[in-house]
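What follows is a set of notes on a single structure, which appears directly below.
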Amino acid sequence: MDADGYVILPELLPAAGLAAARAHADALLQGVPWSDNDFDGRRTRRVYNLLADPGAFTPLLLHPAVRALVAERLGAEHQFGMLFLSAVDPGQGAQVPHFDAGVYPLPRDVEAEVNVIWALDDFTAANGATLVAPGSHRWPAGRRPDPSQLVPAEMPAGSALVYSGRLWHGAGHNRASAPRRALIAEHLLPWLRPADHHALALGAPGLRALPPELRVLAGLPAGGRYAGFVGGALPERWLAG
Ligand SMILES: O=C(O)CCC(=O)C(=O)O
């Protein structure tokens, strides 16, 4: 992580867990149309608000090896940023390279975000494995990768690519004949506003229904001494009624 800005944790999932996650992905992807913009991909299907029905994704979202790595980089208190399932379908061209933390006006040397791409299918150069620019998390503001600096993060299904929010990357071109599915979970410092408003999407009953660790990752706790109170109370107390 320090040298390259990413690490692949290979084959973390047992076969049954991977099969269950794939079945959950297929159910969620039923009837989902392609995205309507070039960045998300006009041959890519995306599903958000996954905490409304985390199901077989729960062991991935809470995997101890991933959780430990994220906590080591961000500290014990952090929250989900954008959280989505994606299916990069055959014919989808490569995504514009970007770094996820680029949405925040922060200096490049602040590690604000650590993200995970779970491979639900084998990630290969042919089917659009995520392209990463090793070491680019240390690049100064304004430097961008040229195509020769991007390498495919090939990994077997059930593996996790964990990377700095400062790493330049993008989904690759799917030249194969089957979709390339991924569960993507961003993790942020607790005081940043996440891309997805998990609490509003879930509502109070949805938050109460979550396992406690997911409730924390959904951003329920206060994000600092004066960030995230509800009616002057700690959000957990407010939610408990
Ligand atoms: O699907 C991938 O490999 C990466 C997707 C991504 O970086 C994004 O949509 O922001």
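Read-outs: derived from the displayed coordinates by stated rules, not from any lab. The shown structure was predicted, so the numbers you read here are calculated from the model rather than taken from an experiment. Counting neighbours? That spans all protein chains shown, and the Cβs are built from the backbone with ideal geometry, glycine included.
Using a Gaussian network model of the chain in which every pair of alpha carbons under 10 angstrom is joined by a spring, one finds that among Glu113, Glu154, Glu72 the greatest mean-square fluctuation is at Glu72. Using a cutoff of 8 angstrom between alpha carbon atoms and counting only pairs six or more residues apart, the relative contact order for the chain works out to 27 percent. For the chain, give me the percentage of DSSP beta bridges that are antiparallel, rounded to the nearest 5 percent. Of all bridge pairs located within the chain, approximately 100 percent are antiparallel. Would you kindly give the portion of the calculated P(r) for the chain that falls above 31 Å, as a percent of all Cα pairs? Roughly 20 percent, once rounded to a whole number. Each Lys and Arg adds +1 at its Cβ and each Asp and Glu adds -1 at its Cβ; summed about the Cα centre, region 6-197 shows a dipole of about 280 debye.
Using the rule -39500 (n - 2.57) for each DSSP H run of four or more residues, divided by the residues of the chain, the 222 nm mean residue ellipticity is -6500 deg cm²/dmol. As I understand it, the dipole of the chain uses +1 on the Cβ of Lys and Arg and -1 on the Cβ of Asp and Glu, about the Cα centre. Which of Gly172, Ser35, Ala94 lies farthest toward its positive end? Positive-most Cα among the choices belongs to Ser35.
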